[in-house]
Structure formats: C-alpha cells, structure tokens
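Report on the following structure.
Please treat every number below as a calculation from the coordinates, not as lab data. Since the structure is predicted, the reported quantities are computational estimates derived from the model, not experimental observations. Here the Cβ is made from the backbone with ideal geometry for all residues, glycine too, and neighbour counts use every protein chain on show.
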Amino acid sequence: MFIISLTYIKPLEEVDALLEEHVEYLKEQYRLGNFLASGRKVPRDGGIILARAVAREEIETIISLDPFYRHKIASYEITEFTPTMTSPELAFLKE
C-alpha cells in the first residue's frame, strides 16, 4: 500500500489548466484498480492518493503517466506502508 503526496510547484492557474486531464488520469487508475482514494490537501497546495501496487517501481511508473508529473506541475512523495489494522469496512486493505 502506498500514500502518494503531491505538492504543487506551479501556480494554481497552471494546476487548473491541467485539472481535467489529471482527473481523467485518476479515473483510469481507479478503473485499473491502482487507486483506492484521492483528494485535495487543505489548504489546496497539492493532493493525496491512496494506492495499491506490488512494488514501488510500479507506483513510480503509474505516477509518470500523471499530467501533473509530465508537465512538472507537482512534486511527489511516496510512502509505502503495510496496513495491519483497519475499520471493518476497510478490512480488505490488510495484508
């Protein structure tokens, strides 16, 4: 399991110009089963993605497809963790 933290490195006007393309990228990753949850940070200086993948290299490849990555709109921090405790609704996340 991975937490991907995006931090915008360009003005919000540039972020908004690519937002529709970024949302389509997110939808595709949900369809493929790679992403479990995502959303904006508060304040709006980036976003968070909860992802599942076999290896960090796979996550890095997935991130490279993001328009925000390709256009250098955001920087990315990847944190890998192993869920060992969850609410009953999220028990499927435990490894």
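Worth a mention:
- Flag for Ala74 being among the aliphatic types (A, V, I, L, M), surrounded by 10 or more Cβ atoms within 10 Å (Cβ to Cβ) and farther than 19 Å from Ile9 by Cβ: no
Condition check ((1) over 12 Å from the mean Cα position of the chain (by Cα); (2) surrounded by 14 or more Cβ atoms within 10 Å (Cβ to Cβ)) across all residues:
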position: Ser5; (1), (2): no, yes
position: Gly33; (1), (2): yes, no
position: Ser38; (1), (2): no, yes
position: Asp45; (1), (2): yes, yes
position: Leu50; (1), (2): no, yes
position: Val54; (1), (2): yes, no
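- Meets criteria (exposed (fewer than 11 other Cβ atoms within 10 Å of the Cβ) and either in contact (Cβ under 8 Å) with a residue 40 or more places away in the chain or touching a helix residue (DSSP H, G or I) at 6+ places or on another chain (Cβ under 8 Å) (or both)) for Thr86: no
- Enumeration of residues in region 1-27 that are in contact (Cβ under 8 Å) with a residue 60 or more places away in the chain, within 18 Å of Ser64 (Cβ to Cβ) and touching a Leu at 6+ places or on another chain (Cβ under 7 Å): Ile3
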